[in-house]
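The values are calculated or read from the model by the stated rules, or taken from the named source; none is laboratory data. Every value quoted in this text rests on a predicted model; they were computed, and no experiment measured them. Cβ atoms come from the backbone with ideal geometry, glycine included; neighbour counts cover every protein chain shown.
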Amino acid sequence: MNSLGLNLQTGDKIFEIIQDIQNQKKYELDYQFNLQSRCYYLDCDCSEEYLLMTTAKGITILKHGYDISIYAEKPHLSIHQSKWLPIDPSVFFTISSNEIKLWDSNTLIPISSFLLTESFIIEPHIGDKPLIIVCEQNTTTIKDYRTWESIGSLNAETSCVKWSPYDHEYFITGSSTELKLFDLRKLRQPVCSFGFPDTSQVRKKTKFALETNAYDSFFVSTTKNTFNSNLISIDFSEDGRYLLVMITDEVFCIDMLHGYDLPKKVLNYHSNFRPFGDFVRYTKGGAILGIANKLIAFNQNYNAMQELYFQSNIVGAYEIRTEEFLYVVDREGKLSRWSLCI
């Protein structure tokens, strides 16, 4: 018995039972909505009230609730991605082949715009800084979206980019060969970079004394390291401690705070993942993996617990954490809502 009068063995058993219940949860179809338009991207605002859909017609904003309804539409836009400003649901960005626009979501009138040569990815700052990362063909630039002035650039090709939820001064970029961690205050050189070479190569863990004591360790190699496979998708856990990394044929997890000598393979699932299509995401109860027209849900132990199939390839999935809903949209514009049940 402990000081609270609880038998520790009984407490352990209760913990095991709770874990078993969590691991038995399954997604059940709750609601369906047809946008009747080809769809390219899905995002949700910080209030988890509005869904932003990028379609062949333009922009559609849906209101999340018991029923899903169209809140606003802006047709006749040729864009391939749209994203909410993470801290403000009244503003969102769109990106086309040669232009970024900042929009007022209430009036659907552009606030400002910026011309590009050719852009693939945008990533607005997740904190209170008016910044956005813009990834073009051979350059990655951090801009102030109020004036579109550049505050720094990286001479690197970038296929994935994420701001850190743990410390908003840091962001991570990924190319076909390596990941790089950057400090916004020192953009000239990355804090560190790494790839995933053959396990026969010697690797070691190196400590970094960062001013903010944020990421105090990270993976580096004693030799030049590169990916054996192409990097496809990355995602931070909600607290920023863990990073899921998807390469061509596997998914693994990196502990950003403490590190391991080698990244540990996480999702026990093998496939030939597709660039610019397949993705991995953290969820409240584990992770999800989008592969063509199939979505695989994993529990907290990263064991596959369910496979969901759709009529066409999945282009986006977003979890409403406050209600344990999962929204999934396929390329043909069919949006489905799944509730997590025991």
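Yes/no per residue for (1) on the phi < 0 side of the Ramachandran plot; (2) basic (Lys, Arg); (3) under 20 Å from the mean Cα position of the chain (by Cα):
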residue	(1), (2), (3)
Tyr66	yes, no, no
Ser69	yes, no, no
His76	no, no, no
Val91	yes, no, yes
Ser105	yes, no, no
Ser112	yes, no, no
Ile122	yes, no, yes
Ile126	yes, no, yes
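Selection of the stretch 135-177 for residues being in a strand (DSSP E or B) and acidic (Asp, Glu) yields Glu136, Asp144, Glu149. Residue count for the stretch 301-327 under the criterion of being in contact (Cβ under 8 Å) with a residue 40 or more places away in the chain and either surrounded by 16 or more Cβ atoms within 10 Å (Cβ to Cβ) or more than 23 Å from Ser69 (Cβ to Cβ) (or both): the result is 15.
Applying the condition of being under 14 Å from Gly240 (Cβ atoms) and aliphatic (A, V, I, L, M) to the stretch 160-191 and asking which residue is farthest from the chain's Cα centre (by Cα) yields Leu181. With respect to Leu289, is the statement that it is under 19 Å from Tyr31 (Cβ atoms) and either buried (at least 17 other Cβ atoms within 10 Å of the Cβ) or within 17 Å of the chain's Cα centre (by Cα) (or both) true? Judged against the criteria, Leu289 is not a match. Number of residues in the stretch 290-327 that are more than 19 Å from Ser237 (Cβ to Cβ) and among the basic types (Lys, Arg) equals 1. Among the residues of the stretch 98-123, those that are among the aromatic types (Phe, Trp, Tyr) and within 27 Å of Ala156 (Cα to Cα) comprise Phe114, Phe120.
Each row is one residue, and each column tells you yes or no for (1) surrounded by fewer than 16 Cβ atoms within 10 Å (Cβ to Cβ); (2) modelled with pLDDT of 95 or more; (3) under 20 Å from Pro89 (Cβ atoms).
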residue	(1), (2), (3)
Ile21	yes, no, no
Lys25	no, no, no
Gln36	yes, no, no
Glu49	yes, no, yes
Gly58	no, no, yes
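Being modelled with pLDDT of 80 or more and farther than 25 Å from Thr139 by Cβ is the requirement here; does Glu178 meet it? It is false that Glu178 is modelled with pLDDT of 80 or more and farther than 25 Å from Thr139 by Cβ.
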